[in-house]
1. How big, in percent, is the set of alpha carbon pairs in segment 306-352 lying more than 17 Å apart?
2. Going by amide H atoms built from the backbone, whose H comes under 5 Å of the H on residue 83, apart from near neighbours?
3. What's the long-distance tail for segment 279-333, i.e. % of Cα pairs beyond 13 Å?
4. What helices does the chain hold that run 27 Å or longer along their axis, going by alpha-carbon atoms, with a Kyte-Doolittle average of 1.6 or more, using DSSP H for the helix calls?
5. If contacts are Cα pairs under 8 angstrom and at least 6 residues apart, what is the relative contact order of the chain in percent?
6. What's the carbon and sulfur percent of segment 236-315's accessible surface, probe 1.4 angstrom, rounded to a whole number?
7. May I ask you to derive the relative contact order of segment 204-300, considering only C-alpha pairs under 8 Å and at least 6 residues apart, and to give it as an integer percent?
8. Could you tell me which of 84, 68, 121 has its Cα farthest along the dipole of segment 1-135 towards the positive end, charges placed at Cβ (Lys, Arg +1; Asp, Glu -1), taken about the Cα centre?
Amino acid sequence: MAETTPRQLDVLIVGAGFAGLYLLHRMRAVGLSAHVYEGASGVGGTWFWNRYPGARCDVESMQYSFGWDEDLQQGWKWSERFAGQAEILQYANHIADRYDLRRGITFNTRIAAADFNEATGSWTARTEQGEAIAARYVVMATGCLSTARIPDFPGLKDFKGRTFHTGWWPHEPIDFTGRRVAVVGTGSSAIQSIPVIAEQAAHLTVFQRTPNFSIPTRNGPMDDEYEHWWKDGYAQKRVDARRTRTGILNRQSPQKAMETAPEERLDVYETRWKSGGTSFMGSFADLITSQEANDSAADFVRAKIRQVVNDPKVAELLCPTNHPIGTKRICVDSHYFETYNRPNVTLVDVKNAPITHLTETGLAWGDGAFAEFDDIVFATGFDAMTGTLTRVDIKGRGGETLKDKWEGGPQTYLGLMTAGFPNLFMITGPGSPSVLSNMIVSIEQHVDWITDCLVAMKSRGMATIETTPDAEAAWVAHGNVVAHKTLYPQANSWYMGANIPGKPRVFMPYIGGVDVYRDKCDEVAAQGYEGFRISQPAKVAQAAE
Ligand code: N01
(Lines give C-alpha, C1' and ligand atoms only; values in the text may rest on other atoms or scores of the structure.)
Protein backbone atom coordinates (compact mmCIF):
# COMPACT_ATOMS: atom_id res chain seq x y z
CA MET A 1 0.00 0.00 0.00
CA ALA A 2 1.41 3.43 -0.94
CA GLU A 3 2.32 5.64 2.00
CA THR A 4 0.14 8.73 2.12
CA THR A 5 1.17 12.00 3.76
CA PRO A 6 -0.26 12.07 7.26
CA ARG A 7 -2.90 14.63 8.10
CA GLN A 8 -1.11 17.50 9.88
CA LEU A 9 -2.78 19.03 12.92
CA ASP A 10 -1.96 21.24 15.83
CA VAL A 11 -4.26 19.20 18.03
CA LEU A 12 -5.57 15.68 17.66
CA ILE A 13 -8.62 15.20 19.87
CA VAL A 14 -9.66 11.66 20.72
CA GLY A 15 -13.38 11.32 21.48
CA ALA A 16 -16.50 13.30 20.59
CA GLY A 17 -18.25 13.32 23.94
CA PHE A 18 -18.87 16.60 25.72
CA ALA A 19 -15.12 17.05 26.30
CA GLY A 20 -14.14 16.55 22.66
CA LEU A 21 -16.94 18.78 21.40
CA TYR A 22 -16.10 21.68 23.66
CA LEU A 23 -12.37 21.35 23.01
CA LEU A 24 -12.88 21.39 19.24
CA HIS A 25 -14.98 24.54 19.60
CA ARG A 26 -12.30 26.23 21.72
CA MET A 27 -9.44 25.19 19.44
CA ARG A 28 -11.17 26.72 16.45
CA ALA A 29 -11.78 29.93 18.38
CA VAL A 30 -8.08 30.34 19.21
CA GLY A 31 -6.95 29.48 15.69
CA LEU A 32 -5.37 26.07 16.28
CA SER A 33 -6.06 23.36 13.72
CA ALA A 34 -7.83 20.50 15.46
CA HIS A 35 -9.70 17.39 14.43
CA VAL A 36 -11.64 14.81 16.44
CA TYR A 37 -11.53 11.05 15.91
CA GLU A 38 -14.44 9.14 17.38
CA GLY A 39 -15.10 5.39 17.48
CA ALA A 40 -18.88 5.76 17.51
CA SER A 41 -21.06 6.75 14.58
CA GLY A 42 -22.24 9.86 16.41
CA VAL A 43 -21.37 12.38 19.11
CA GLY A 44 -22.23 12.09 22.81
CA GLY A 45 -19.70 9.63 24.27
CA THR A 46 -21.23 8.00 27.35
CA TRP A 47 -24.67 9.11 26.24
CA PHE A 48 -24.19 7.58 22.82
CA TRP A 49 -23.34 4.14 24.22
CA ASN A 50 -25.34 3.84 27.45
CA ARG A 51 -28.82 3.45 25.98
CA TYR A 52 -30.04 0.84 28.45
CA PRO A 53 -33.62 1.12 29.68
CA GLY A 54 -33.94 3.79 32.36
CA ALA A 55 -30.56 5.44 31.63
CA ARG A 56 -30.63 8.88 33.16
CA CYS A 57 -28.18 11.38 34.59
CA ASP A 58 -27.83 11.69 38.36
CA VAL A 59 -26.96 15.38 38.15
CA GLU A 60 -29.91 17.71 37.59
CA SER A 61 -30.38 18.83 33.98
CA MET A 62 -30.05 22.52 34.86
CA GLN A 63 -26.52 21.74 36.08
CA TYR A 64 -25.53 18.90 33.73
CA SER A 65 -25.20 21.23 30.76
CA PHE A 66 -22.66 23.66 29.35
CA GLY A 67 -22.35 27.03 31.03
CA TRP A 68 -20.09 28.85 28.57
CA ASP A 69 -22.68 30.30 26.22
CA GLU A 70 -25.45 32.41 27.74
CA ASP A 71 -27.66 32.10 24.64
CA LEU A 72 -27.29 28.33 24.69
CA GLN A 73 -28.13 27.96 28.36
CA GLN A 74 -31.05 30.37 28.20
CA GLY A 75 -32.48 28.85 25.04
CA TRP A 76 -32.22 25.13 25.78
CA LYS A 77 -35.25 23.63 27.54
CA TRP A 78 -34.91 20.43 29.50
CA SER A 79 -38.11 18.45 29.83
CA GLU A 80 -37.29 16.73 33.13
CA ARG A 81 -35.54 17.49 36.40
CA PHE A 82 -33.06 14.67 35.66
CA ALA A 83 -32.70 14.24 31.92
CA GLY A 84 -32.84 10.80 30.36
CA GLN A 85 -30.19 9.44 27.99
CA ALA A 86 -32.16 10.27 24.82
CA GLU A 87 -32.57 13.92 25.77
CA ILE A 88 -28.91 14.32 26.76
CA LEU A 89 -27.87 12.77 23.46
CA GLN A 90 -30.20 15.20 21.70
CA TYR A 91 -28.43 18.02 23.56
CA ALA A 92 -25.00 16.71 22.46
CA ASN A 93 -26.24 16.63 18.86
CA HIS A 94 -27.58 20.13 19.25
CA ILE A 95 -24.12 21.30 20.41
CA ALA A 96 -22.50 19.61 17.40
CA ASP A 97 -24.91 21.33 14.99
CA ARG A 98 -25.15 24.70 16.66
CA TYR A 99 -21.38 25.19 16.64
CA ASP A 100 -20.85 23.45 13.28
CA LEU A 101 -18.61 20.83 14.83
CA ARG A 102 -19.41 17.77 12.70
CA ARG A 103 -17.12 18.77 9.84
CA GLY A 104 -14.26 18.54 12.34
CA ILE A 105 -15.04 14.98 13.42
CA THR A 106 -14.22 11.66 11.79
CA PHE A 107 -16.69 9.07 13.08
CA ASN A 108 -16.45 5.26 13.23
CA THR A 109 -12.69 5.63 13.62
CA ARG A 110 -10.71 4.72 16.69
CA ILE A 111 -7.20 5.88 17.40
CA ALA A 112 -5.21 2.69 17.93
CA ALA A 113 -1.75 4.08 18.63
CA ALA A 114 0.19 7.29 19.19
CA ASP A 115 4.00 7.64 19.20
CA PHE A 116 5.91 10.64 20.47
CA ASN A 117 8.70 11.70 18.19
CA GLU A 118 11.50 13.19 20.28
CA ALA A 119 13.18 14.77 17.25
CA THR A 120 10.18 16.80 16.22
CA GLY A 121 8.50 17.16 19.60
CA SER A 122 5.21 15.95 18.14
CA TRP A 123 3.00 12.88 17.89
CA THR A 124 2.17 10.47 15.13
CA ALA A 125 -1.09 8.69 15.71
CA ARG A 126 -2.64 5.87 13.75
CA THR A 127 -6.28 4.90 13.41
CA GLU A 128 -7.44 1.28 13.51
CA GLN A 129 -7.96 1.58 9.75
CA GLY A 130 -4.30 2.62 9.33
CA GLU A 131 -4.62 6.35 8.67
CA ALA A 132 -1.65 8.32 10.07
CA ILE A 133 -2.09 11.69 11.75
CA ALA A 134 0.74 14.02 12.72
CA ALA A 135 -0.13 16.36 15.56
CA ARG A 136 1.83 18.65 17.86
CA TYR A 137 -0.58 17.86 20.71
CA VAL A 138 -2.85 14.92 21.49
CA VAL A 139 -5.77 15.35 23.86
CA MET A 140 -7.47 12.24 25.17
CA ALA A 141 -11.10 13.26 25.61
CA THR A 142 -12.00 9.62 25.99
CA GLY A 143 -14.15 9.68 29.13
CA CYS A 144 -13.73 7.76 32.36
CA LEU A 145 -16.30 5.01 31.84
CA SER A 146 -15.86 4.09 28.19
CA THR A 147 -14.40 0.60 28.31
CA ALA A 148 -17.28 -1.68 29.22
CA ARG A 149 -16.43 -5.01 30.71
CA ILE A 150 -18.08 -8.42 30.99
CA PRO A 151 -16.39 -10.75 33.48
CA ASP A 152 -14.70 -13.70 31.88
CA PHE A 153 -17.38 -16.24 32.89
CA PRO A 154 -16.70 -19.73 31.56
CA GLY A 155 -19.21 -20.66 28.88
CA LEU A 156 -20.03 -17.03 28.01
CA LYS A 157 -19.84 -17.82 24.31
CA ASP A 158 -22.00 -20.93 24.67
CA PHE A 159 -25.13 -19.07 25.73
CA LYS A 160 -27.59 -19.12 22.83
CA GLY A 161 -29.95 -16.41 24.08
CA ARG A 162 -29.49 -12.67 23.71
CA THR A 163 -26.79 -10.94 25.78
CA PHE A 164 -26.39 -7.23 26.42
CA HIS A 165 -24.02 -4.95 28.29
CA THR A 166 -25.61 -1.76 29.62
CA GLY A 167 -22.67 0.26 28.29
CA TRP A 168 -22.95 -1.10 24.72
CA TRP A 169 -26.69 -1.07 24.38
CA PRO A 170 -28.11 -1.62 20.85
CA HIS A 171 -29.67 1.30 19.03
CA GLU A 172 -32.91 -0.44 18.18
CA PRO A 173 -35.54 -0.81 20.94
CA ILE A 174 -35.15 -4.06 22.88
CA ASP A 175 -38.38 -5.71 23.93
CA PHE A 176 -38.28 -8.01 26.95
CA THR A 177 -42.00 -8.80 26.87
CA GLY A 178 -42.70 -12.38 27.85
CA ARG A 179 -39.03 -13.22 28.32
CA ARG A 180 -37.01 -14.71 31.15
CA VAL A 181 -34.34 -12.12 31.84
CA ALA A 182 -31.24 -12.13 34.07
CA VAL A 183 -29.50 -8.94 35.17
CA VAL A 184 -25.98 -9.42 36.51
CA GLY A 185 -24.82 -6.59 38.78
CA THR A 186 -26.44 -4.02 41.03
CA GLY A 187 -24.46 -0.83 40.33
CA SER A 188 -25.96 2.42 39.00
CA SER A 189 -26.71 1.00 35.55
CA ALA A 190 -28.51 -2.05 36.94
CA ILE A 191 -30.40 -0.02 39.52
CA GLN A 192 -31.75 2.22 36.78
CA SER A 193 -32.58 -0.55 34.33
CA ILE A 194 -34.03 -3.20 36.67
CA PRO A 195 -37.37 -1.41 37.35
CA VAL A 196 -37.93 -0.83 33.63
CA ILE A 197 -37.00 -4.36 32.54
CA ALA A 198 -39.15 -5.82 35.34
CA GLU A 199 -42.22 -4.11 33.90
CA GLN A 200 -41.77 -5.97 30.60
CA ALA A 201 -40.20 -9.30 31.43
CA ALA A 202 -42.14 -12.47 32.19
CA HIS A 203 -39.61 -12.98 34.95
CA LEU A 204 -36.53 -11.03 36.01
CA THR A 205 -33.76 -12.55 38.11
CA VAL A 206 -31.22 -10.14 39.58
CA PHE A 207 -27.78 -11.53 40.43
CA GLN A 208 -26.38 -9.37 43.21
CA ARG A 209 -22.84 -9.60 44.54
CA THR A 210 -22.78 -6.33 46.49
CA PRO A 211 -25.89 -4.38 47.48
CA ASN A 212 -25.70 -0.65 46.89
CA PHE A 213 -27.06 2.44 48.55
CA SER A 214 -29.60 4.14 46.35
CA ILE A 215 -31.65 7.29 46.79
CA PRO A 216 -34.92 7.94 44.93
CA THR A 217 -34.48 10.62 42.26
CA ARG A 218 -38.06 11.97 42.58
CA ASN A 219 -37.68 12.76 38.92
CA GLY A 220 -40.51 14.51 37.12
CA PRO A 221 -41.27 17.09 34.46
CA MET A 222 -39.21 20.26 34.74
CA ASP A 223 -40.94 22.71 37.02
CA ASP A 224 -41.33 26.08 35.25
CA GLU A 225 -40.66 28.06 38.37
CA TYR A 226 -37.50 26.06 39.09
CA GLU A 227 -36.27 26.53 35.54
CA HIS A 228 -36.86 30.28 35.76
CA TRP A 229 -35.04 30.42 39.08
CA TRP A 230 -32.03 28.80 37.43
CA LYS A 231 -32.11 30.91 34.30
CA ASP A 232 -32.41 34.11 36.27
CA GLY A 233 -28.73 34.78 36.98
CA TYR A 234 -27.62 31.51 35.38
CA ALA A 235 -24.07 32.79 34.78
CA GLN A 236 -23.55 33.59 38.47
CA LYS A 237 -25.00 30.23 39.51
CA ARG A 238 -22.51 28.50 37.23
CA VAL A 239 -19.72 30.47 38.87
CA ASP A 240 -21.04 29.47 42.29
CA ALA A 241 -21.21 25.80 41.26
CA ARG A 242 -17.55 25.91 40.20
CA ARG A 243 -16.69 27.12 43.69
CA THR A 244 -18.19 24.01 45.34
CA ARG A 245 -16.50 20.71 46.18
CA THR A 246 -18.48 18.73 43.59
CA GLY A 247 -19.25 21.30 40.93
CA ILE A 248 -22.91 20.97 41.86
CA LEU A 249 -25.03 23.46 43.78
CA ASN A 250 -26.68 20.96 46.08
CA ARG A 251 -27.26 22.84 49.29
CA GLN A 252 -24.24 21.18 50.96
CA SER A 253 -24.79 21.59 54.69
CA PRO A 254 -21.86 22.96 56.71
CA GLN A 255 -23.25 21.23 59.82
CA LYS A 256 -21.74 18.06 61.26
CA ALA A 257 -24.00 15.04 61.71
CA MET A 258 -22.87 14.12 65.21
CA GLU A 259 -23.18 17.71 66.42
CA THR A 260 -26.85 17.61 65.45
CA ALA A 261 -29.51 16.30 67.81
CA PRO A 262 -30.71 12.79 66.78
CA GLU A 263 -34.28 13.86 65.93
CA GLU A 264 -33.10 16.86 63.96
CA ARG A 265 -30.60 14.63 62.13
CA LEU A 266 -33.36 12.27 61.09
CA ASP A 267 -35.44 15.22 59.91
CA VAL A 268 -32.56 16.40 57.75
CA TYR A 269 -32.18 12.93 56.18
CA GLU A 270 -35.94 12.65 55.70
CA THR A 271 -36.09 16.03 53.95
CA ARG A 272 -33.22 15.12 51.62
CA TRP A 273 -34.70 11.66 50.98
CA LYS A 274 -38.00 13.28 50.01
CA SER A 275 -36.37 15.86 47.76
CA GLY A 276 -34.40 13.07 46.05
CA GLY A 277 -31.11 12.61 44.24
CA THR A 278 -27.46 12.61 45.22
CA SER A 279 -27.86 15.76 47.32
CA PHE A 280 -28.65 13.29 50.10
CA MET A 281 -24.88 13.11 50.61
CA GLY A 282 -24.91 16.88 51.24
CA SER A 283 -27.06 16.38 54.37
CA PHE A 284 -24.03 16.94 56.59
CA ALA A 285 -20.47 18.12 56.08
CA ASP A 286 -18.75 15.06 57.54
CA LEU A 287 -20.51 12.12 55.89
CA ILE A 288 -17.42 11.03 53.97
CA THR A 289 -14.89 11.75 56.70
CA SER A 290 -16.50 10.52 59.93
CA GLN A 291 -17.44 6.86 60.33
CA GLU A 292 -20.02 7.70 62.98
CA ALA A 293 -21.64 10.37 60.82
CA ASN A 294 -21.60 8.04 57.85
CA ASP A 295 -23.19 5.24 59.90
CA SER A 296 -26.08 7.52 60.81
CA ALA A 297 -26.81 8.17 57.11
CA ALA A 298 -26.31 4.51 56.17
CA ASP A 299 -28.67 3.40 58.98
CA PHE A 300 -31.29 5.82 57.71
CA VAL A 301 -31.12 4.41 54.17
CA ARG A 302 -31.12 0.80 55.40
CA ALA A 303 -34.26 1.57 57.45
CA LYS A 304 -35.90 2.92 54.29
CA ILE A 305 -35.01 -0.27 52.37
CA ARG A 306 -36.57 -2.37 55.14
CA GLN A 307 -39.70 -0.21 55.04
CA VAL A 308 -40.09 -0.47 51.28
CA VAL A 309 -39.29 -4.15 50.66
CA ASN A 310 -42.04 -6.50 51.85
CA ASP A 311 -40.02 -9.70 52.26
CA PRO A 312 -37.66 -9.20 55.25
CA LYS A 313 -35.11 -11.68 53.86
CA VAL A 314 -34.97 -9.87 50.53
CA ALA A 315 -34.77 -6.53 52.35
CA GLU A 316 -31.76 -7.73 54.37
CA LEU A 317 -30.03 -8.91 51.21
CA LEU A 318 -30.57 -5.48 49.67
CA CYS A 319 -29.11 -3.63 52.67
CA PRO A 320 -25.49 -2.63 52.01
CA THR A 321 -23.24 -3.37 54.96
CA ASN A 322 -19.74 -3.74 53.55
CA HIS A 323 -18.95 -0.14 52.67
CA PRO A 324 -19.71 3.31 54.04
CA ILE A 325 -22.51 5.12 52.19
CA GLY A 326 -21.20 7.25 49.33
CA THR A 327 -17.80 5.52 49.12
CA LYS A 328 -19.05 3.61 46.12
CA ARG A 329 -20.74 5.97 43.73
CA ILE A 330 -24.13 6.60 45.33
CA CYS A 331 -26.92 5.34 43.07
CA VAL A 332 -30.17 7.11 42.32
CA ASP A 333 -33.27 5.30 41.20
CA SER A 334 -36.91 5.34 40.26
CA HIS A 335 -38.71 2.64 42.30
CA TYR A 336 -35.71 0.31 42.51
CA PHE A 337 -36.36 -1.24 45.92
CA GLU A 338 -40.14 -1.39 45.25
CA THR A 339 -39.38 -3.57 42.22
CA TYR A 340 -38.46 -6.46 44.55
CA ASN A 341 -42.10 -6.57 45.73
CA ARG A 342 -43.20 -7.63 42.25
CA PRO A 343 -44.12 -11.30 41.87
CA ASN A 344 -42.03 -11.57 38.68
CA VAL A 345 -38.74 -10.49 40.29
CA THR A 346 -36.26 -12.71 42.15
CA LEU A 347 -33.07 -11.60 43.88
CA VAL A 348 -30.18 -14.07 43.92
CA ASP A 349 -27.24 -13.47 46.24
CA VAL A 350 -24.04 -14.36 44.42
CA LYS A 351 -21.73 -13.03 47.10
CA ASN A 352 -21.44 -16.39 48.81
CA ALA A 353 -22.50 -18.44 45.84
CA PRO A 354 -20.72 -16.84 42.87
CA ILE A 355 -21.75 -17.27 39.26
CA THR A 356 -19.77 -20.27 38.03
CA HIS A 357 -20.56 -20.49 34.32
CA LEU A 358 -23.02 -20.04 31.50
CA THR A 359 -24.49 -22.84 29.44
CA GLU A 360 -26.37 -22.77 26.14
CA THR A 361 -29.59 -22.08 28.00
CA GLY A 362 -28.77 -20.25 31.19
CA LEU A 363 -26.61 -19.37 34.11
CA ALA A 364 -25.19 -21.47 36.95
CA TRP A 365 -24.07 -20.32 40.37
CA GLY A 366 -22.99 -21.58 43.76
CA ASP A 367 -23.05 -25.28 44.39
CA GLY A 368 -25.05 -26.46 41.39
CA ALA A 369 -27.84 -23.87 41.22
CA PHE A 370 -29.01 -23.18 37.66
CA ALA A 371 -31.74 -21.22 35.88
CA GLU A 372 -32.67 -20.88 32.23
CA PHE A 373 -32.89 -17.47 30.59
CA ASP A 374 -33.82 -15.98 27.25
CA ASP A 375 -31.76 -12.84 27.84
CA ILE A 376 -28.82 -11.90 30.05
CA VAL A 377 -28.08 -8.25 30.76
CA PHE A 378 -24.57 -7.62 32.05
CA ALA A 379 -24.57 -4.45 34.13
CA THR A 380 -21.04 -5.29 35.15
CA GLY A 381 -19.37 -1.94 34.76
CA PHE A 382 -16.20 -0.60 33.18
CA ASP A 383 -12.43 -0.65 33.29
CA ALA A 384 -12.79 2.84 34.71
CA MET A 385 -10.54 5.88 34.34
CA THR A 386 -7.44 4.12 32.99
CA GLY A 387 -8.84 1.32 30.77
CA THR A 388 -9.62 3.51 27.78
CA LEU A 389 -6.28 5.33 27.96
CA THR A 390 -4.08 2.25 28.28
CA ARG A 391 -6.02 0.42 25.55
CA VAL A 392 -4.51 2.86 23.04
CA ASP A 393 -0.88 1.96 22.33
CA ILE A 394 0.58 5.27 23.50
CA LYS A 395 4.38 5.50 23.44
CA GLY A 396 6.18 8.45 25.02
CA ARG A 397 9.85 9.28 25.45
CA GLY A 398 12.18 6.34 24.84
CA GLY A 399 9.28 4.27 23.53
CA GLU A 400 7.83 3.75 27.03
CA THR A 401 4.17 2.77 26.83
CA LEU A 402 1.52 4.39 29.00
CA LYS A 403 0.32 0.92 29.89
CA ASP A 404 3.73 0.00 31.30
CA LYS A 405 4.15 3.29 33.06
CA TRP A 406 0.81 2.87 34.82
CA GLU A 407 1.26 -0.77 35.67
CA GLY A 408 1.26 0.02 39.37
CA GLY A 409 -1.54 2.58 39.07
CA PRO A 410 -2.04 5.85 37.20
CA GLN A 411 0.47 8.63 37.79
CA THR A 412 -0.34 12.12 36.65
CA TYR A 413 0.23 15.71 37.54
CA LEU A 414 -3.19 17.30 38.13
CA GLY A 415 -4.79 14.52 36.09
CA LEU A 416 -3.76 16.54 33.04
CA MET A 417 -0.42 15.05 31.97
CA THR A 418 1.90 12.20 32.80
CA ALA A 419 5.71 12.51 32.90
CA GLY A 420 7.55 11.17 29.86
CA PHE A 421 4.60 11.86 27.55
CA PRO A 422 5.08 15.47 26.40
CA ASN A 423 2.21 17.28 24.70
CA LEU A 424 -0.26 14.55 25.68
CA PHE A 425 -3.17 15.86 27.72
CA MET A 426 -6.04 14.04 29.37
CA ILE A 427 -9.43 15.52 30.10
CA THR A 428 -10.82 14.47 33.49
CA GLY A 429 -7.97 12.00 33.84
CA PRO A 430 -7.03 10.08 37.00
CA GLY A 431 -5.70 12.52 39.56
CA SER A 432 -8.38 15.11 38.80
CA PRO A 433 -11.83 15.42 40.47
CA SER A 434 -13.56 14.02 37.34
CA VAL A 435 -15.95 11.24 38.38
CA LEU A 436 -16.37 12.68 41.87
CA SER A 437 -17.77 15.85 40.38
CA ASN A 438 -20.27 17.19 37.90
CA MET A 439 -18.44 15.93 34.81
CA ILE A 440 -19.52 18.85 32.67
CA VAL A 441 -18.07 21.37 35.11
CA SER A 442 -14.80 19.42 35.27
CA ILE A 443 -14.68 19.04 31.50
CA GLU A 444 -15.13 22.79 31.02
CA GLN A 445 -12.36 23.55 33.49
CA HIS A 446 -9.89 21.15 31.85
CA VAL A 447 -10.71 22.31 28.33
CA ASP A 448 -10.31 25.96 29.34
CA TRP A 449 -7.02 25.26 31.13
CA ILE A 450 -5.60 23.28 28.20
CA THR A 451 -6.73 25.96 25.74
CA ASP A 452 -5.03 28.71 27.75
CA CYS A 453 -1.91 26.57 28.00
CA LEU A 454 -1.73 25.92 24.25
CA VAL A 455 -2.30 29.59 23.49
CA ALA A 456 0.51 30.50 25.90
CA MET A 457 2.78 27.92 24.27
CA LYS A 458 2.08 29.31 20.83
CA SER A 459 2.55 32.94 21.80
CA ARG A 460 5.87 32.13 23.50
CA GLY A 461 7.04 30.04 20.54
CA MET A 462 7.32 26.91 22.67
CA ALA A 463 7.19 23.39 21.28
CA THR A 464 6.73 20.94 24.12
CA ILE A 465 5.22 20.89 27.56
CA GLU A 466 5.67 18.01 29.91
CA THR A 467 5.18 17.47 33.61
CA THR A 468 8.28 16.85 35.69
CA PRO A 469 8.53 13.51 37.50
CA ASP A 470 8.88 15.40 40.80
CA ALA A 471 5.68 17.39 40.34
CA GLU A 472 3.89 14.22 39.34
CA ALA A 473 5.17 12.23 42.33
CA ALA A 474 4.19 15.02 44.72
CA TRP A 475 0.69 15.23 43.21
CA VAL A 476 0.16 11.46 43.38
CA ALA A 477 1.31 11.48 47.03
CA HIS A 478 -0.96 14.42 47.84
CA GLY A 479 -3.91 12.68 46.17
CA ASN A 480 -3.32 9.62 48.35
CA VAL A 481 -3.05 11.65 51.53
CA VAL A 482 -6.31 13.45 50.81
CA ALA A 483 -8.12 10.22 49.85
CA HIS A 484 -7.00 8.50 53.04
CA LYS A 485 -8.46 11.29 55.14
CA THR A 486 -11.84 10.06 53.91
CA LEU A 487 -13.74 6.80 54.14
CA TYR A 488 -13.55 6.21 50.37
CA PRO A 489 -10.61 3.76 50.35
CA GLN A 490 -12.64 1.38 52.55
CA ALA A 491 -14.86 0.37 49.64
CA ASN A 492 -13.99 -2.13 46.92
CA SER A 493 -15.09 0.34 44.30
CA TRP A 494 -14.17 1.03 40.70
CA TYR A 495 -12.68 4.30 42.03
CA MET A 496 -10.05 1.99 43.59
CA GLY A 497 -9.77 -0.25 40.51
CA ALA A 498 -11.20 -3.02 42.69
CA ASN A 499 -13.74 -4.23 40.11
CA ILE A 500 -11.06 -5.47 37.71
CA PRO A 501 -9.14 -8.58 38.76
CA GLY A 502 -5.43 -7.72 39.00
CA LYS A 503 -5.89 -3.96 38.64
CA PRO A 504 -3.78 -2.03 41.20
CA ARG A 505 -5.75 -0.72 44.17
CA VAL A 506 -5.21 3.01 43.99
CA PHE A 507 -7.80 5.68 44.64
CA MET A 508 -7.85 7.21 41.17
CA PRO A 509 -9.83 10.47 41.22
CA TYR A 510 -8.71 13.53 43.19
CA ILE A 511 -10.95 14.01 46.16
CA GLY A 512 -9.74 17.40 47.37
CA GLY A 513 -12.68 19.16 45.68
CA VAL A 514 -13.41 20.94 42.42
CA ASP A 515 -12.88 24.36 44.05
CA VAL A 516 -9.50 23.55 45.61
CA TYR A 517 -8.39 21.77 42.46
CA ARG A 518 -9.34 24.67 40.19
CA ASP A 519 -7.35 27.08 42.38
CA LYS A 520 -4.34 24.78 42.19
CA CYS A 521 -4.53 24.55 38.38
CA ASP A 522 -4.90 28.34 38.09
CA GLU A 523 -1.99 28.92 40.43
CA VAL A 524 0.22 26.52 38.46
CA ALA A 525 -0.58 28.41 35.24
CA ALA A 526 -0.05 31.79 36.89
CA GLN A 527 3.40 30.66 38.07
CA GLY A 528 4.40 30.02 34.44
CA TYR A 529 3.25 26.38 34.48
CA GLU A 530 5.04 25.38 37.61
CA GLY A 531 5.78 21.66 37.68
CA PHE A 532 5.88 21.51 33.88
CA ARG A 533 8.96 21.64 31.68
CA ILE A 534 8.47 23.78 28.60
CA SER A 535 10.91 23.58 25.70
CA GLN A 536 11.59 25.64 22.63
CA PRO A 537 11.78 24.00 19.20
CA ALA A 538 15.58 24.33 19.11
CA LYS A 539 15.92 22.52 22.44
CA VAL A 540 13.69 19.73 21.16
CA ALA A 541 15.91 19.34 18.11
CA GLN A 542 19.09 19.47 20.20
CA ALA A 543 17.75 16.86 22.62
CA ALA A 544 17.25 14.53 19.69
CA GLU A 545 20.83 14.91 18.42
O1 N01 B 1 -21.04 -0.38 36.98
P2 N01 B 1 -20.55 -0.71 38.47
P3 N01 B 1 -22.25 0.53 36.49
N4 N01 B 1 -20.36 -11.44 39.42
O5 N01 B 1 -19.11 -1.08 38.35
C6 N01 B 1 -21.23 -6.44 39.52
C7 N01 B 1 -21.74 5.77 36.23
N8 N01 B 1 -23.15 5.70 35.94
O9 N01 B 1 -22.29 0.47 35.02
O10 N01 B 1 -19.98 -4.38 43.40
C11 N01 B 1 -21.39 -10.75 39.91
O12 N01 B 1 -20.93 0.34 39.42
C13 N01 B 1 -20.63 -5.54 40.56
O14 N01 B 1 -20.57 -6.19 41.81
P15 N01 B 1 -19.47 -5.69 42.91
C16 N01 B 1 -21.58 5.89 37.73
O17 N01 B 1 -20.48 6.67 38.02
C18 N01 B 1 -23.89 6.79 36.24
O19 N01 B 1 -23.49 0.20 37.22
O20 N01 B 1 -18.18 -5.56 42.17
N21 N01 B 1 -21.50 -9.42 39.86
C22 N01 B 1 -21.59 -4.37 40.50
O23 N01 B 1 -22.76 -4.62 41.19
C24 N01 B 1 -21.39 4.46 38.11
O25 N01 B 1 -20.79 4.26 39.36
C26 N01 B 1 -25.22 6.74 36.05
O27 N01 B 1 -19.46 -6.77 43.92
C28 N01 B 1 -20.50 -8.76 39.27
C29 N01 B 1 -21.90 -4.30 39.00
O30 N01 B 1 -21.58 -5.56 38.45
C31 N01 B 1 -20.56 3.96 36.97
O32 N01 B 1 -21.12 4.58 35.83
C33 N01 B 1 -25.84 5.60 35.56
C34 N01 B 1 -19.39 -9.41 38.72
C35 N01 B 1 -21.08 -3.24 38.31
O36 N01 B 1 -21.40 -1.99 38.84
C37 N01 B 1 -20.55 2.47 36.76
O38 N01 B 1 -21.85 1.97 36.96
C39 N01 B 1 -25.07 4.51 35.26
C40 N01 B 1 -19.35 -10.82 38.82
N41 N01 B 1 -18.30 -11.52 38.35
C42 N01 B 1 -23.72 4.56 35.46
N43 N01 B 1 -18.56 -8.48 38.19
C44 N01 B 1 -26.00 7.94 36.40
O45 N01 B 1 -25.66 9.05 36.06
C46 N01 B 1 -19.14 -7.29 38.41
N47 N01 B 1 -20.31 -7.46 39.05
C48 N01 B 1 -27.16 7.73 37.20
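1. Everything past 17 Å amounts to 41 percent.
2. Hits under the 5 Å cutoff: 57, 61.
3. Cα-Cα pairs of segment 279-333 separated by over 13 Å account for 60 percent.
4. TM-like helix candidates: nothing returned.
5. Taking the mean separation of contacting Cα pairs over the length of the chain, I get 20 percent.
6. Carbon and sulfur atoms account for 53 percent of the accessible area of segment 236-315.
7. With pairs under 8 Å counted, the relative contact order is 33 percent.
8. Of 84, 68, 121, it is 84.
The values are calculated or read from the model by the stated rules, or taken from the named source; none is laboratory data. From a predicted model like this one, the values you see are computed outputs, not experimental measurements. Here Cβ is always computed from backbone atoms with ideal geometry, including for glycine, and neighbour counts include all displayed protein chains. Please note that ligands, DNA and RNA were not included when accessible areas were found on the heavy atoms of the full protein model with its side chains. Shrake-Rupley method; radii C 1.70, N 1.55, O 1.52, S 1.80 Å.
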